[in-house]
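Throughout, read-outs are computed from the coordinates displayed, never taken from laboratory work. On a predicted model such as this, the values are computed, not experimentally measured, just so you know. Here the Cβ positions follow ideal geometry from the backbone for every residue, glycine too, while neighbour counts run over all protein chains shown.
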Amino acid sequence: MTSRFGLGPLSTRAYAERFGADWREVFPAAMVQRAPPACIDSSDRQLESKLAKSFPAAGVLTLQGGCIAGPEGWVFGEKKVWLPDHSWYGECPAEASPRMSQRAARRSGTCLTLASNWSFANYGHLLLDSIPRLRLFTGAGFSFEDVDHIYCPVKNVAKGAALLGRYGVPIEKCIFEPVAHSEGLQFDTLIAPTFPGVRRNYPHWVPDFLRTALPKAAAPPARRLYVTRGSGTRQLANERDLLGLLADYEFEFYDPSLQPEPWLDFSQATAVIGAHGAGLTDLAFCAADTTVLELLPSDHIYPYYCSLSHAAGLNYGYLVGKSERQRRAGARGPSPYDFVVSEPQFVAGLRWVGKH
């Protein structure tokens, strides 16, 4: 892949070697060892094939005159070289189309970028793909005193500021307004943490770090949460027909979008059931050994929450419900189709949860 600027994308290590940039490794590359997740009432094993077998080294690159572009926070170095290791597309750069105008707006000083693909508008990507970069930033020996700006565009500034504040981020330094698509900002110095893990897969240090914001628990976890999708695509179309089955297992119907602090509620759970989606993001705050049953649409089988559960030490299982339609093999992006979980499937899942 060759960029419009003449040089193709470079790995962070290759860029550091070619241009003499400061690269600080915080976590070395590592293989992943995990037991296969429990697949309930299905022979479909697509999920396992999408789990990462290894994680690349993670750390922080410092770029003199570095640029960031768009709400995605694409990172560009000298000669406008794009650095995919700092994006969701790290190991698959050919699937991305980063763009930046030839001239970026200049800002003086040093900027830390926390931006990531879709983190501007999606809580899951903000919490799991952006916030853990703070762990790399401090692990590399930096502090907030070292920066003048922090680029972390968010759609809801109040909620974004509250989330960042939990991790000690000085809100007065934050740039919440996103740079327009294809537009860029250039700083005297850009501090750019790499993507935490690889797309759809998270290493153990991500939930370890996120849990540092939890207050000391007043009591042991004791709640059982059934997490509804609320609104949007990929709805569990027959959810209403299944809710009556939850009573025997003492689950409460839970809509995280209506709760002021869902991360605290998840930390109080001993079991969580829910359809795949951003509503499960706060699994990162669950106590170790919490039981998780994820309901996956057959047209949208991705390992985000399987990987997160493994990293967090949770007891994870899943079942696959039939989507209303199936896209062609290899289709990219999220499925738009609702799905159905049969009553026998759901009962099998409840029984599995009841045994743990």
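Computed quantities for the displayed model
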item: Contour excess over end-to-end distance, with Cα ends at Glu324 and Leu258 and 0.36 nm allotted per residue; result: 21.0 nm
item: Selection from Trp118, Gly77, Ala96 lying farthest towards where the dipole of region 63-132 points positive, charges on Cβ; result: Gly77
item: Inter-centroid distance (Cα atoms) of region 46-115 relative to region 187-208, Å; result: 10
item: Estimated dipole of the chain in Debye, rounded to 20 [Cβ of Lys and Arg +1, of Asp and Glu -1, Cα centre]; result: 760
item: Whichever lysines have a C-alpha closer than 26 Å to that of Lys155, once near sequence neighbours (fewer than 8 apart) are set aside; result: Lys173
item: Proximal charge balance of Ser11 [Cβ under 12 Å; K/R count +1, D/E count -1]; result: -1
item: About the Cα centre, charge dipole magnitude for region 230-282 (Lys/Arg +1, Asp/Glu -1 at Cβ), debye; result: 240
item: Residues Glu324, Glu172, Glu17, Glu72 arranged by fewest to most Cβ contacts within 10 Å; result: Glu172, Glu17, Glu324, Glu72
item: Entries in Lys53/Lys216; Lys159/Lys322; Lys159/Lys216; Lys53/Lys159 that, when Cα-Cα distance is taken, lie over 29 Å; result: Lys53/Lys216; Lys159/Lys322; Lys53/Lys159
item: Residues His125, His310, sorted so that the one with the fewest Cβ neighbours within 10 Å comes first; result: His125, His310
item: Over region 214-354: Rg over Rh, Cα atoms, Kirkwood Rh; result: 0.96
item: Net charge dipole size for region 214-354 [Lys, Arg +1 and Asp, Glu -1 on Cβ; Debye, nearest 20]; result: 480
item: Rotationally averaged projected area of the chain (alpha carbon convex hull; nm²); result: 17.7
